[in-house]
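The values are calculated or read from the model by the stated rules, or taken from the named source; none is laboratory data. Treat the numbers as computed from the prediction; the structure is a model and nothing was measured. Note: ideal-geometry Cβ built from the backbone for every residue, glycine included; neighbour counts use all protein chains shown. Surface areas here come from the heavy atoms of the whole protein model, side chains and all, with no ligands, DNA or RNA. Shrake-Rupley method; radii C 1.70, N 1.55, O 1.52, S 1.80 Å.
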Amino acid sequence: MKNFFTSMLGALVALIIFAGGGLLLVLGFFAVLVALDGAERSGPSFEKGSYLVFDLSTNISDAPAAVDLSALGAGEDTLQLRTVTRALRAAAQDSRIAGLFVTGELTPAAFGSGYAALMEVRRAMMEFRESGKPITAYLTYASTKSYYLASTATDLVIDPFGVILMP
């Protein structure tokens, strides 16, 4: 019976130690997430004459991701449609922004970057252009969707060794 009680006491002490360590690990994980979220809140600084760079190498989704793992550095690059259109409309009104530079290739995933979402982005880009600011686009691999957005540009440049894919 003495052996039983010593084994039970040892198992109980091990359980308390592992539970305490697990609790510290979870609290540390949440502290890192809070610290990362606080670091991202500081807005970018612009100088007069800056160009807004719109990198198309992302997935534009009209709904937020079910699980956002971007704070951990994992997952794919996804921009929310509302964020993109608001940024373009704010940049059109900002006197420090001189123009828009579009580059990259759309990477649709999980029903993102559909034509309905791209139509909204294109409309916001046209509003940006109508504000009197130039849009410059540089494409290396132009698919139908990327060219659809880049067609709003005042200057469209395609890499001489690039590809235009129009099915």
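The table that follows gives values for the structure above.
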| read-out | value |
| --- | --- |
| For Kirkwood radius over Cα pairs in Å, calculated from these coordinates, the label among (i) 17.3; (ii) 18.7; (iii) 19.3 | (iii) |
| Kyte-Doolittle at least 1.6, axis length at least 15 Å by Cα - qualifying DSSP helices, the chain | 2-40 |
| In range of the label at Met119: residues from region 126-146 whose backbone nitrogen is under 18 Å from the point 7 Å along Cα→Cβ | 126-127, 144-146 |
| Hits among lysines - C-alpha to C-alpha of Lys133 under 19 Å, sequence gap 8 or more where chains match | Lys48 |
| Accessible area per residue, Å², the chain with all protein chains present, probe 1.4 Å | 66 Å² |
| Heavy atoms of Glu105 accessible to a 1.4 Å probe, total area in Å² rounded to 10 | 40 Å² |
| Relative contact order %, the chain, counting alpha carbon pairs below 8 Å whose residues are six or more apart | 20 percent |
